[in-house]
Every structure is written in structure tokens, then in C-alpha cells.
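What follows is a short report on a single structure.
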Amino acid sequence: MEKQNGGIMLRGKNYSEEYKAKLVEIYNYFKENGYNFTEHALNRILGRMGQGKIFSIEDVLDTLTNGKKYQEPDGTIVRFKNNLSVHIAKDNGDIKTVIARKRPKPDWREIE
């Protein structure tokens, strides 16, 4: 079942109200900056922030706007900066996931 919360569709998850509010807050932050994040990507950000691997949502935005641009073999666009990779769907431009990593993957091709 889908529920709409501040513009984001949360699909069948039993989130606490506090966690849901954080998801909506982060979703709205990126939406205001022109990006559409999937529920999976938002969960990755919150999870990695809890682990100390991502320090702030501003770091994610900085990676999106200023990171080096790569392309994965499947066509997914990746922005990489400061040990963060942000993966952008090739078909609709949605942000698919955010990963804390030390370096770009060897099969990524730098573009632009």
C-alpha cells in the first residue's frame, strides 16, 4: 500500500512517525534543490548518516552539483566526491541510491 507524505510515496513500510518525518524533510530539501530522490536513496542517506559515513544532506547535494561525473556500464550516471557516490537513473533522472565509498569503481567511465 502506498501512502503520500509531503510529496513522497512511501510503499508498505512501517516507519515510525519520527523516521517518516526525517524522510519527508530530506525529500523536500532535495526537491527544493531540483532533485527527485527515491525512497531507497533517502533510506540510504539516513542509514549512512546514522553510521557516520555521510555527515550531512548538504554533502550529498554538494556531490550532486560538484562531483565528478561518471557512467556505469549499464548507463547509470554517477556523481562522485569526498567518498560519496550518488547514482542517477538513466531513464528518468531520479536519484536511485547514495553510497559511501573510498574511490570510483574501475568500470566507471569518466564523462563530461
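Summary table below
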{"quantity": "Residues located in the range 76-111, provided they are over 19 Å from Ile45 (Cβ atoms) and hydrophobic (A, V, I, L, M, F, W, C)", "calculated": "Trp108, Ile111"}
{"quantity": "Residue selected from the range 50-83 under the condition charged (D, E, K, R) and under 16 Å from Lys102 (Cα atoms), by the criterion surrounded by the most Cβ atoms within 10 Å (Cβ to Cβ)", "calculated": "Arg79"}
{"quantity": "Inter-residue pairs, beta-carbon under 8 Å, first in contact (Cβ under 8 Å) with a residue 12 or more places away in the chain and in the range 18-33, second among the small types (Gly, Ala, Ser) and surrounded by fewer than 13 Cβ atoms within 10 Å (Cβ to Cβ), 6+ apart", "calculated": "Val24/Gly7; Tyr27/Gly7; Asn28/Gly7; Lys31/Gly7"}
{"quantity": "Unique residue being in a loop (DSSP other than H, G, I, E, B), closer than 19 Å to Lys31 by Cα and of a type in the set (Gly, Ala, Ser) when the list is Gly75, Gly93", "calculated": "Gly93"}
{"quantity": "Near pairs, Cβ below 7 angstrom, 6+ apart or cross-chain, from the range 45-70 (in contact (Cβ under 8 Å) with a residue 12 or more places away in the chain and over 23 Å from Trp108 (Cβ atoms)) to any residue that is part of a helix (DSSP H, G or I) and of a type in the set (Ser, Thr, Tyr)", "calculated": "Ile57/Tyr29"}
{"quantity": "Matching residues in the range 96-112 - criterion: being among the charged types (D, E, K, R), under 19 Å from Arg48 (Cα atoms) and not in a loop (DSSP other than H, G, I, E, B)", "calculated": "Lys96"}
{"quantity": "Test: Gly47 is farther than 25 Å from Leu10 by Cβ and either polar (S, T, N, Q) or surrounded by fewer than 16 Cβ atoms within 10 Å (Cβ to Cβ) (or both)", "calculated": "no"}
{"quantity": "Residues that are over 10 Å from the mean Cα position of the chain (by Cα) and assigned to a helix (DSSP H, G or I), drawn from the range 27-45", "calculated": "Asn28, Tyr29, Lys31, Glu32"}
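Where a number appears in this text, it was derived from the coordinates with a stated rule and is not lab data. As the structure is a prediction and not an experimental result, all values here were calculated from the model. With ideal geometry, Cβ positions are generated from the backbone for all residues, glycine too; neighbour counts draw on all protein chains shown.
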